[in-house]
Amino acid sequence: MTSDLSIVAPAQTRRTVTVTVNGVRRSAEVEVRRTLSDFLRHDLALTGTHVGCEHGVCGACTVLLDGLPVRSCLLFAITAHGHTVTTVEGLGELRPDGSVRVSPVQQAFRDCHALQCGFCTPGMITTITAGLAANPHPTPQQAVDMISGNLCRCTGYQNIVEAVLRAAELMEDPDAPLPDEGFTDDPGETDRVGAGSAAGDVAGVGSAGGVSAARHTRGDRG
Amino acid sequence: MQRYVGAPIRRTEDVRLTTGRGRYVDDIAAGGPVLEAAFLRSPHANARITDIDIADALDVPGVRAIYLHEDLPGAVGEPLPVLIPHPALTAPRTPSALADGRVHHVGQTIAMVVADDRYLAEDAAERIRVSYEILPPVADLTMARAAQRRAHDDVPDNVAAHFEHEVGDVAAGFAAASHVIEFNAHPERSASTPLEGKGVFARWDADDSSLRVYTSTQASTSVRAAVAAKLGLPLVKVEVIAPDVGGGFGVKIAHPWPEEIMVPFAAMRLGQPVRWTEDRREHFISSAHERGQDHHVKVGFDDEGRVLALDVTFWHDNGAFTPYGIIVPIITSTQLLGPYKPGAYRVEYYSMYTNTVQVTPYRGAGRPQGVFVMERAMDKIAQALGKDRTAVRAANFIQPDEFPYDQGMIFQDGRPLIYDSGNYPAQLAMLKDMMGWDAFEEVRAEATSRGKLAGIGLACYVEGTGVGPYEGAHVHVQTDGTVDVATGLTSQGQGHQTMLAQIVADELGVPFEKVRVVTGDTRRFGYAVGTFASRTTVMSGSAVALAARAARAKALRVAAHALEASEDDLEIVDGVVRVKGSPDSHIDLGTVAVLSNPLRYAFDTSAQAATQFAGTEDMDKPPVAEDDEPGLEGKDYYSPIRSTFASGMHGAIVEVDPETFDIHVAKYFVVHDCGTLINPMIVAGQVHGGVAQGIGGALYEKMAYDENAQLQNASFMDFLMPYVTEIPQKELGELELGHQETPSPLNPLGVKGAGEAGVIPVAALIASAVEDAVGFPIDTMPISPNDLYAMRLRADAGELPHVANATAKPAPAGARSPSEVGS
Amino acid sequence: MKPAPFAWHGPTSVASAVATLAELVAGGAHAKVLAGGQSLVPVLAMRLAEPDHLVDINGIAELDYVRVSAGGDHAPAGVTVGALARHTTVLQHVEANRVQPLLGQALNLVAHATIRNRGTTVGSLAHADPSGEMTAVLALTSGSVTAVSVRGERVIPAAEFFVGPLESSLAEDELAVSAFFPAAPAGSGTAFVEMARRHGDYALAGVGAIVAPGAAGDGSVGGAAAPVTVRCGFLSVSETPLVLDLTQAWAAGPDATMAAARAAIDPGDDIHATAEYRRHLAGVLTVRAIRQALDAMGTEAAA
């Protein structure tokens, strides 16, 4: 073999990267060193995916790449070009009337108090979503193994393991009752796009949730 | 009406946080034109800066500005404040926002680069050339105490503070004691390590000459005051908001950080929003650590194990700076006493400078160290006397009929250390029953048959919570019946918006879904202290209750007039004020809100609808009475006379592999008392999280500084924060929580704090259990298999005392260590 | 922590990849190959390395394969793993694990599932980390790496592939395109045992073991147990993957085996463990690995 210049792959420093995110083709022109996590968060304004360490250990940045959980902080956006990404914002089911039904995993997290500060939560939820797709009936030990690569500093993991089992239960029966006498303030199954619940806004930051949700309804070419 | 308080209401925060709609500081204005900052940080632990050359850095395209200390005018460049001065803190030191020619720890800020994005800012920071004169660093307490090197040029003995206090007469106590033992204890440095680091976003509005700052802080009100002072802005022109915060655990209580001054400064200078998001390495080398202390302990006791005299001297490593004063050693020195009443107690501490990251509170805030010392002492007393470890503790308990109990010291809130309520004997009985303490020998034997060394341990603590000076709350009933609540302290995942809404909903009689709570936003509430010391439920919980009661009282007054009824005949149920027993006579709370605000203009339908209640206007009185205000609001503050004391006890069964020395926590038990529970689900979650941090600190986490004060494990790869696999799990039957409630007489709800409870006794507990397994004393934390191996060799060589009744027996003289022989 | 700037190349064939590497290296550029990225990207993020060029091979579909050969005249029995085969793919490949069980036994211990979804087995070999499980497996099974450059293709046996800690014998412009793991010997048993501080961390010490029926073979020596051959591969206790034949030592008993292992290894100190502890631990894990391998073999040939 000789060094045939015509087959040398050219050097690129900037590139328009196109990724199908949560079912919608999204593009942005970025430096080739742009990580997938920064691309999602800052180029596509999908801030649900979080960055906790940028060296692949904590798992807060976990998204589904072609259905498999990966650390988005360890992928360059350009490597994901042409692929499919699912983030926490894309796990619910969009209904014809524009409302979103949250996924069983998301519902289970609410039911079981499986989050406190919420920073590790998107990475946990995507990881568990894929884990339950592969194993819909985990034992408690398998539930533990499913989240064994994600760090959480708030919950001690106790309620997250419970949420894995609860999500499996909800996948079988969406109306399975809560394990205790408590109740949830919102109807639990639906989550209106663009409208925070009365008690849902936080810390004076306004209904920014409505803004980001609106960005990726069907037909968005952003 | 008690419908919500005490119930495991699901959190309102979770609607957003499970669907990726949180708004953490790095999310603010994401996708928009925001400049990003990076900091050049010192690579040396102790050095003079002799030159800084930014020429190459300015060439990086996209760089907007580079700031050095010489660019900072007036107050901006002056040292950051000492937040909590104390007479014993004779040599306080704080950094400037950018180093003024001198750096005192690896990670200290030297220069700030602002660029179009973080990548470019880091490129530029890398090109800044700094010349240093490197000085020998003080890397640890041993070096600090030796005083042959100085962490600060003008603190010759490296002592920031020295304090001594005696309660009773220890000399007499030792003289009367039939037994005296001495030992050293050495908890190592660790850190809060929330998943989200620090971050600041600032936007200057030139039209309005006002500044808005979002910062991942535990004390937004105080940051506002500090930023306004530093930047020379009127307080009313500065807003500070704590957005969603991805964990704090204490590390976000110190303020203002250098970055909290620099980012707003740059935003004002450049006229564009600026953001700085701390990365993980920065968090390790430039936020805050805690826990490292060296203790020398002497305890004298009688034949029952009652402590007659306790003398503790310790050296506290406060790192390079003291912005938070000496709160941590104060807490160690006071909370060391735990649930006990020693005959006499003397404590002396030195807070020492080292050229390492500054030390400010981390969940527990000095208590884990104090509990470690006291609980090791209790175990050693039991061993010396051949007594059961729970019996020795019981002999020392403050009894239920001895409250309020005055320990004779001043606590971290500047108030007397007086325990308000508790029942320690009942806690111990509950714990022993839950863990099967008395039947452990069977468990031990079963583990031995599997080739494992099992051990059992316990640890007790008392925690002063709900420290003052105050918190306030504002409750505002809107015309549509929504209730807006604001309190100034902040949230980092504790579910405050849910818990406080539960209290207001019950106090006011409205549906929980109608209550919206905002925390940590100076636009909504201006006077606050902050979130720390497990104080939110006590302080803001009481404040919202009082404010809601005020609003309720006014609602009844206005409704009574509108319904032509007596206030005593009225009740509020589901947001409707009604005459008891007379269902047709009612008025919505929202309508009451309209009525309470006499308007000239009816600008919506609810205003119009209210006119049918015009009632009898008194033409001789003004529409708004002299002692009244328009609107249906209540505002109040809770200021406690002193802290309220929560308590708890943890137990554990561990298994140690006699060949590999791997340590497995097989079973974990918690009994705790935080008074009245507002939301038991949230409280349990707080305990779960604390236990995990405690196990991290007991077995895995320590900051590994080398002799040049370089942090060798500044990443999650080598700083071993536990995964799920390292923490005993309730779903596997490995963790159990028990609960006790002794309400506090000090606040209207009877609550005590719970935020730190889970972490406080864990290191002491694991030491107790491991010691029981391996048979030699464990007086350091964390403890690793590597450490146990080294100690086993020393024990076999006769260098360590044997712990009686432990699983592992001492090797016969001359025999080979079992660890060296194949099994 | 953002990487320093680099130029990116996205070849879609092996020929293009090696031509690109040759061109860059000839021009004196500092270039690195990006496959799984699970080891490389953190290094770039922390700016511990600042290559000018990244040759991203994730677009070379022809490299994503796992092939199992039953053996025969033309191909040795074993598993060939292409450079883009993710750890997860190899771990879940039933046939590959039947032929060489050490693959799955070791891969289960590599980091966490999410990392395994992107990390490549060949990439981890090229990384040549003496704390890596797969480097130990390649050495223990006497496997090899196939490398391609503009100068052609060569097969590098494991013993020549690992030169030093994080140093392989690949030339700067060579691309590792596959690795070959020979099949486990007939009738053998394998095991992989390690101890790490946290689940998924790099091991403080680790041992892989292959035990196979010895010369006598069928257990018919006067009622006594048949001898076995014992080979062990080590990780985290030497600068390059160490393989020991412990047949004689095992025949002399577990104490002798531990002593032999401890004498042969050269562990270092770090913040997690001392050399002494690692040496001690390696001995203990050697015996445990051999015992587990014997159980897998299904004999009672324990010493």
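For C:SER16, only one of the following conditions fails: (1) of a type in the set (Ser, Thr, Tyr); (2) more than 25 Å from C:ARG197 (Cα to Cα); (3) in the same structural domain as C:THR141 (by TED's automatic domain parsing). What is its number?
(3)
Are any residues in the range B:472-489 away from chain A (no Cβ under 11 Å), surrounded by 24 or more Cβ atoms within 10 Å (Cβ to Cβ), within 22 Å of B:VAL577 (Cβ to Cβ) and within 27 Å of the chain's Cα centre (by Cα), and if so, which ones?
The answer is B:ALA473, B:VAL475.
Output the residues belonging to the range C:58-86 that are out of contact with any strand residue (DSSP E or B) (no Cβ under 7 Å at 6 or more places or on another chain) and either outside any helix (DSSP H, G or I) or at pLDDT below 95 (or both).
Those that are out of contact with any strand residue (DSSP E or B) (no Cβ under 7 Å at 6 or more places or on another chain) and either outside any helix (DSSP H, G or I) or at pLDDT below 95 (or both): C:ILE60, C:ALA70, C:GLY71, C:GLY72, C:ASP73, C:HIS74.
For B:GLU36, work out the one condition from (1) outside any loop (DSSP other than H, G, I, E, B); (2) closer than 25 Å to B:GLU278 by Cβ; (3) of a type outside the set (Ser, Thr, Tyr); (4) away from every other protein chain (no Cβ under 13 Å) it doesn't fulfil.
Among (1) outside any loop (DSSP other than H, G, I, E, B); (2) closer than 25 Å to B:GLU278 by Cβ; (3) of a type outside the set (Ser, Thr, Tyr); (4) away from every other protein chain (no Cβ under 13 Å), the lone unmet condition for B:GLU36 is (4).
Please pick out the residue among B:LEU788, B:LEU720 that is closer than 30 Å to A:CYS53 by Cβ, away from chain A (no Cβ under 14 Å) and open to solvent by less than 10 Å² (accessible area, probe 1.4 Å).
Result of the check over B:LEU788, B:LEU720: B:LEU788.
Could you tell me whether any residue of the range C:215-237 is within 18 Å of the chain's Cα centre (by Cα), modelled with pLDDT of 95 or more and within 14 Å of chain B (Cβ to nearest Cβ)?
no
Of everything in the range A:12-40, what is open to solvent by less than 10 Å² (accessible area, probe 1.4 Å) and at the interface with another protein chain (Cβ under 7 Å from one of its Cβ atoms)? Give them in sequence order.
Result: A:VAL32, A:ARG33.
Of the conditions (1) more than 12 Å from chain B (Cβ to nearest Cβ); (2) open to solvent by less than 10 Å² (accessible area, probe 1.4 Å), A:GLY48 clears all except one; give me its number.
That leaves (1) as the condition not met.
To keep it simple, each residue is scored yes or no on (1) closer than 27 Å to A:THR79 by Cβ; (2) touching a His at 6+ places or on another chain (Cβ under 8 Å); (3) buried (at least 24 other Cβ atoms within 10 Å of the Cβ).
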site	(1), (2), (3)
C:ALA106	yes, no, yes
C:LEU109	yes, no, no
C:GLY123	yes, no, yes
C:GLY132	yes, no, yes
C:ALA136	no, no, yes
C:GLY152	no, no, no
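How many residues, within the range C:74-96, are open to solvent by 50 Å² or more (accessible area, probe 1.4 Å), over 16 Å from A:ALA134 (Cβ atoms) and either of a type in the set (Ser, Thr, Tyr) or in contact (Cβ under 8 Å) with a residue 60 or more places away in the chain (or both)?
Within the range C:74-96, residues that are open to solvent by 50 Å² or more (accessible area, probe 1.4 Å), over 16 Å from A:ALA134 (Cβ atoms) and either of a type in the set (Ser, Thr, Tyr) or in contact (Cβ under 8 Å) with a residue 60 or more places away in the chain (or both) number 1.
Could you check, for the range B:77-90, whether at least one of its residues is closer than 21 Å to B:ALA37 by Cβ and open to solvent by less than 60 Å² (accessible area, probe 1.4 Å)?
Among the residues of the range B:77-90, at least one is closer than 21 Å to B:ALA37 by Cβ and open to solvent by less than 60 Å² (accessible area, probe 1.4 Å), which makes the answer yes.
If you scan the range B:116-135, which residues turn out to be in contact with a Lys or Arg (Cβ under 8 Å, 6 or more places away or on another chain), in contact (Cβ under 8 Å) with a residue 40 or more places away in the chain and open to solvent by less than 50 Å² (accessible area, probe 1.4 Å)?
Matches in the range B:116-135: B:ARG118, B:GLU122, B:LEU135.
Under 6 Å between Cβ atoms, which residue pairs at least 6 apart in sequence (or on different chains) link something in the range B:9-29 that is more than 7 Å from chain A (Cβ to nearest Cβ) and closer than 17 Å to B:ARG275 by Cα with a partner that is of a type in the set (Phe, Trp, Tyr) and open to solvent by less than 10 Å² (accessible area, probe 1.4 Å)?
Listed pairs, sorted by first residue: B:VAL25/B:PHE201; B:ILE28/B:PHE201.
Evaluate the following for B:LYS702: is it open to solvent by 20 Å² or more (accessible area, probe 1.4 Å), more than 14 Å from chain A (Cβ to nearest Cβ) and under 21 Å from the mean Cα position of the chain (by Cα)?
The answer is yes for B:LYS702.
Can you list the strands (runs of 3 or more DSSP E) found entirely within the range B:286-394 that contain at least 3 residues being hydrophobic (A, V, I, L, M, F, W, C)?
B:293-301, B:307-317
It is to be established whether one or more residues within the range C:62-83 are within 14 Å of another protein chain (Cβ to nearest Cβ) and among the aliphatic types (A, V, I, L, M).
Checked the range C:62-83: no residue is within 14 Å of another protein chain (Cβ to nearest Cβ) and among the aliphatic types (A, V, I, L, M).
Could you give me the residue pairs with C-beta distances under 7 Å whose first residue belongs to the range C:44-70 and is acidic (Asp, Glu), whose second residue is open to solvent by 40 Å² or more (accessible area, probe 1.4 Å) wherever it lies, and which are 6+ apart or on separate chains?
Sorted first by the residue in the range C:44-70, then by its partner, the pairs are C:ASP52/C:HIS30.
Go through the range B:337-390 and give me each residue that's open to solvent by 10 Å² or more (accessible area, probe 1.4 Å) and among the aromatic types (Phe, Trp, Tyr).
The answer is B:TYR350, and nothing else.
Can you find, within the range C:1-20, the residue that is most open to solvent (accessible area, probe 1.4 Å) among those that are more than 28 Å from B:VAL60 (Cα to Cα), hydrophobic (A, V, I, L, M, F, W, C) and within 9 Å of chain A (Cβ to nearest Cβ)?
The selected residue is C:ALA15.
Does B:ALA709 count as more than 10 Å from every other protein chain (Cβ to nearest Cβ), open to solvent by less than 10 Å² (accessible area, probe 1.4 Å) and within 30 Å of B:ARG150 (Cβ to Cβ)?
yes
With the condition kept exactly as written, say whether any residue in the range C:154-166 is part of a loop (DSSP other than H, G, I, E, B) and farther than 22 Å from A:ARG71 by Cβ. If you could, list the steps in order and put the result at the bottom.
To start, the set of residues in the range C:154-166 that are part of a loop (DSSP other than H, G, I, E, B) comprises C:165-166.
With the extra rule that they be farther than 22 Å from A:ARG71 by Cβ, the set shrinks to C:165.
The answer is yes, given that some residue of the range C:154-166 is part of a loop (DSSP other than H, G, I, E, B) and farther than 22 Å from A:ARG71 by Cβ.
Here are B:THR142, B:THR90: which of them is assigned to a helix (DSSP H, G or I) and under 30 Å from B:TYR349 (Cα atoms)?
On inspection, the qualifying residue turns out to be B:THR142.
Of the conditions (1) surrounded by fewer than 21 Cβ atoms within 10 Å (Cβ to Cβ); (2) within 11 Å of another protein chain (Cβ to nearest Cβ); (3) out of contact with any helix residue (DSSP H, G or I) (no Cβ under 6 Å at 6 or more places or on another chain), B:ILE49 satisfies every one except a single condition; which number is it?
All conditions are met except number (2).
Of the residues B:GLY74, B:GLY62, B:GLY32, only one is touching a Leu at 6+ places or on another chain (Cβ under 8 Å), touching a residue at least 40 places away in the same chain (Cβ under 8 Å), open to solvent by 10 Å² or more (accessible area, probe 1.4 Å) and over 22 Å from B:SER286 (Cα atoms); which?
After applying the criteria, what remains is B:GLY62.
Filter the range B:483-511 for residues that are part of a loop (DSSP other than H, G, I, E, B), under 22 Å from B:PRO8 (Cα atoms) and touching a strand residue (DSSP E or B) at 6+ places or on another chain (Cβ under 7 Å) and give the result. Step through it out loud before you land on a result.
So in the range B:483-511, the residues part of a loop (DSSP other than H, G, I, E, B) come out as B:488-495, B:509-511.
Narrowing the set further to residues that are under 22 Å from B:PRO8 (Cα atoms) leaves B:490-495, B:509-511.
Scanning the range B:483-511 gives B:THR490, B:SER491, B:GLY509, B:VAL510.
Would you please list the contacts, defined by Cβ atoms under 8 Å and residues six or more apart or on different chains, that run from a residue in the range A:22-48 that is touching a residue at least 60 places away in the same chain (Cβ under 8 Å) to a residue that is among the aromatic types (Phe, Trp, Tyr)?
A:THR47/B:TYR24
Could you check B:VAL517 against (1) more than 23 Å from B:PRO194 (Cα to Cα); (2) open to solvent by less than 10 Å² (accessible area, probe 1.4 Å); (3) more than 7 Å from chain A (Cβ to nearest Cβ); (4) part of a helix (DSSP H, G or I) and say which number it fails?
Answer for B:VAL517: the failing condition is (4).
The values are calculated or read from the model by the stated rules, or taken from the named source; none is laboratory data. Source: prediction; values computed, not measured. Positions of Cβ are backbone-derived with ideal geometry, glycine not excepted, and every protein chain shown enters the neighbour counts. Note: areas computed on protein heavy atoms with side chains; ligands, DNA, RNA excluded. Shrake-Rupley method; radii C 1.70, N 1.55, O 1.52, S 1.80 Å.
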